[in-house]
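Below: the structure, in structure tokens.
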Amino acid sequence: MYTVDELEDRLIDLAFAEDIGDGDHTTLCCIPEEAMGRSHLLIKEDGILAGVEVAKKVFARFDPTLQVEVLINDGAKVKKGDIAMVVSGKTRSLLQTERLMLNIMQRMSGIATMTNKYVERLAGTHTHVLDTRKTTPGMRMLEKQAVKIGGGVNHRIGLFDMILLKDNHVDFSGGISNAINRCHEYLNAKGLNLKIEIEVRNFDELQQVMDCGGVDRIMLDNFSVENTKKAVEMIAGKYETESSGGITFDTIRDYAECGVDYISVGALTHSVKGLDMSFKAC
């Protein structure tokens, strides 16, 4: 399994390969090799900044001689007109790293900004905002970093670090007790110690889980606010609770006030708008 740093390096290498190919002919034709320059990252929209540390990796991986002066760090609130960093060095390098750095920082800052809005919406409750696996292929580690920078909590990273028995797993297993029992048999056989979460679609399935036991968290899928409150009362602290499915910014506070521990929001990563910024010569 790859480490986070290894995955980031592979992503950066792939991104440069698809963008530059056999050469940035626009830059190479008009910028002398010895030319030196300086560019700054201009914030053009209010939000939460994310991706600064990854941007530093982008610059260093392409040209270790580039000098990066960070003026605003990850997690800070930024406003239109702020300068987040200044980079100096070979002009060709500045031009060839510009788009990849911006793509990453705009995406991560957009996710952090969106996450922060949801987190602030739940202020005063004990409910945490979770991300999902609905991420851009290849960018999951960066997008989940952005969620944390925005104040959210990462759900499982992938299919390897937690058991999540969803509706299809239950149906293909022949029922809830079969799915849970097979899960424990598998974990024991493999010598694995993973948390177990199970999704329930109604109160009948919830009661089956309560009768069977053997899980750490119950996900209430597409429950109404009223039914969520009843379900949380049924579970009564025996297991962690998570709400999921069709929950919007307007309704998330209502679910949190039912007492759920977590609310997962796919919109944090699958439909977010990038934060506007540009990299300009200075």
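The values are calculated or read from the model by the stated rules, or taken from the named source; none is laboratory data. This one's a predicted model, so the numbers in the text were calculated from it and none came from an experiment. Positions of Cβ are generated from backbone atoms using ideal geometry, with glycine treated the same way; all protein chains shown enter the neighbour counts. Just the protein is used for accessible areas: all its heavy atoms, side chains included, with ligands, DNA and RNA removed. Shrake-Rupley method; radii C 1.70, N 1.55, O 1.52, S 1.80 Å.
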Those residues of the stretch 256-271 that are hydroxyl-bearing (Ser, Thr, Tyr), open to solvent by 20 Å² or more (accessible area, probe 1.4 Å) and in contact (Cβ under 8 Å) with a residue 12 or more places away in the chain come to a total of 1
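Among the helices (runs of 4 or more DSSP H) contained in the stretch 176-282, which hold 1 or more residues that are modelled with pLDDT under 95 and over 20 Å from the mean Cα position of the chain (by Cα)? Before you say what the answer is, go through the steps one by one.
Details: elements: 176-190, 203-212, 225-235, 252-256, 267-270.
Counting at least 1 such residues, we get no helices (runs of 4 or more DSSP H) at all.
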Checked the stretch 196-206 for anything farther than 28 Å from GLY158 by Cβ and in contact with a helix residue (DSSP H, G or I) (Cβ under 8 Å, 6 or more places away or on another chain); matches are PHE203
Residues in the stretch 1-31 that are open to solvent by less than 60 Å² (accessible area, probe 1.4 Å) and acidic (Asp, Glu) total 3
Here the residues within the stretch 37-75 that are among the polar types (S, T, N, Q), open to solvent by less than 70 Å² (accessible area, probe 1.4 Å) and either part of a loop (DSSP other than H, G, I, E, B) or closer than 11 Å to ARG92 by Cα (or both) are none
Listed by first then second residue, the pairs whose first member lies in the stretch 67-80 and is within 18 Å of ASP276 (Cα to Cα), whose partner is open to solvent by 40 Å² or more (accessible area, probe 1.4 Å) and hydrophobic (A, V, I, L, M, F, W, C), with beta carbons under 7 Å and at least 6 positions apart or on separate chains, are LEU71/ILE83; ASP74/ILE149; GLY75/ILE149
Residue set ARG217, ARG253, ARG201; condition over 30 Å from HIS40 (Cα atoms), among the basic types (Lys, Arg) and in contact (Cβ under 8 Å) with a residue 60 or more places away in the chain; output residue ARG253
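Quick one: is GLU197 of a type outside the set (Lys, Arg), open to solvent by 50 Å² or more (accessible area, probe 1.4 Å) and farther than 30 Å from LEU102 by Cβ?
Numbers: of a type outside the set (Lys, Arg): yes; open to solvent by 50 Å² or more (accessible area, probe 1.4 Å): no; farther than 30 Å from LEU102 by Cβ: yes.
In short, no.
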Within the stretch 211-247, residues in contact with a Lys or Arg (Cβ under 8 Å, 6 or more places away or on another chain) and surrounded by fewer than 17 Cβ atoms within 10 Å (Cβ to Cβ) come out as ASP216, ASN222, GLU240
Filtering the stretch 123-144 down to residues that are open to solvent by 10 Å² or more (accessible area, probe 1.4 Å), in contact with a Lys or Arg (Cβ under 8 Å, 6 or more places away or on another chain) and among the hydrophobic types (A, V, I, L, M, F, W, C) yields MET139
Only one of GLU120, GLU34, GLU98 is in a helix (DSSP H, G or I) and surrounded by fewer than 15 Cβ atoms within 10 Å (Cβ to Cβ), namely GLU120
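If you check PHE203, PHE249, PHE172, PHE160, which single one turns out to be under 19 Å from VAL265 (Cβ atoms) and of a type outside the set (Gly, Ala, Ser)?
Details: PHE203 fails: under 19 Å from VAL265 (Cβ atoms); PHE172 fails: under 19 Å from VAL265 (Cβ atoms); PHE160 fails: under 19 Å from VAL265 (Cβ atoms).
PHE249 is the lone residue from the list that is under 19 Å from VAL265 (Cβ atoms) and of a type outside the set (Gly, Ala, Ser).
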